[in-house]
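Below: one structure, written as structure tokens.
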Amino acid sequence: MNNYQAHATAIVEKGCCIGQGTKIWHFSHIMPEATIGEDCIIGQNVFIGSGVNIGNRVKIQNNVSVFTGVSCEDDVFLGPSCVFTNVSNPRSAISRKDQFKTTIVGKGASIGANATVLCGCIIGEYALIGAGSVVTKNVPPYALIIGNPGKQIGWVSQYGNRLHFNQDNIAVCEESGQMYQLADNKVSRIDANYFNNHS
């Protein structure tokens, strides 16, 4: 008995590994040797290629193809119809299956609807890629990216809210109360003990 749920129209090939509590919806196709973690939601008409690794609690919305070479860490959100590539110079008449580049979507990152991520990019943890953006290079953790080509316009919290840093380069997420520090153009989360240890 499967420990996951798959709609009758979904195709789940033999040889893939799917975690407990995961739900796979209409017309999706999971290829052999794909790995999907626990408590994921795989939307309608999703393709997950061979060798793809999907972490726990990942949500993949409708019409997304996750091709061989892509890995998504825990808590990633992939918006409707976002796009991944795995070869930088594809040609119909030339096989480049041995040239797939690795793309990594870090823990808690979100990719908006209709965004495109070019192969070989690393998207840092909790980064937020705006709808319709085109990612052409690595994205730092907590970065907010919009446009084509994608450009960073700020920073976001783990809750996905815009961070506004004060003169001491400290920001507080309005929703969660979590605190963040900006140093050397990198954002990291800090806790209340930080101020006790740095006073």
Original post:
Just wondering, is there one or more residues in region 48-58 that are out of contact with any Cys (no Cβ under 9 Å at 6 or more places or on another chain) and under 19 Å from Val83 (Cβ atoms)?
Top reply: yes
Original post:
Which one is nearest to Asn56 (Cα to Cα) among residues in region 90-133 that are of a type in the set (S, T, N, Q), surrounded by fewer than 22 Cβ atoms within 10 Å (Cβ to Cβ) and at pLDDT 95 or above?
Top reply: Ser110
Original post:
How many residues are surrounded by 21 or more Cβ atoms within 10 Å (Cβ to Cβ) and within 10 Å of Val105 (Cα to Cα) when one looks only at region 56-74?
Top reply: 2
Subject >> Failed condition for Ile153, given (1) in the same structural domain as Ser50 (by TED's automatic domain parsing); (2) crowded, with 16+ Cβ neighbours inside 10 Å; (3) in contact with a Leu (Cβ under 6 Å, 6 or more places away or on another chain) >> reply: (2)
Subject >> Residue, farthest from the chain's Cα centre (by Cα), within region 71-104, restricted to residues that are of a type in the set (A, V, I, L, M, F, W, C) and either outside any loop (DSSP other than H, G, I, E, B) or not assigned by TED's automatic domain parsing to the domain that holds Val135 (or both) >> reply: Ile94
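The values are calculated or read from the model by the stated rules, or taken from the named source; none is laboratory data. This structure is a prediction, so every number in the text was calculated from the model and none was measured. Every residue, glycine as well, gets a Cβ built from its backbone with ideal geometry; the counts of neighbours run over all protein chains shown.
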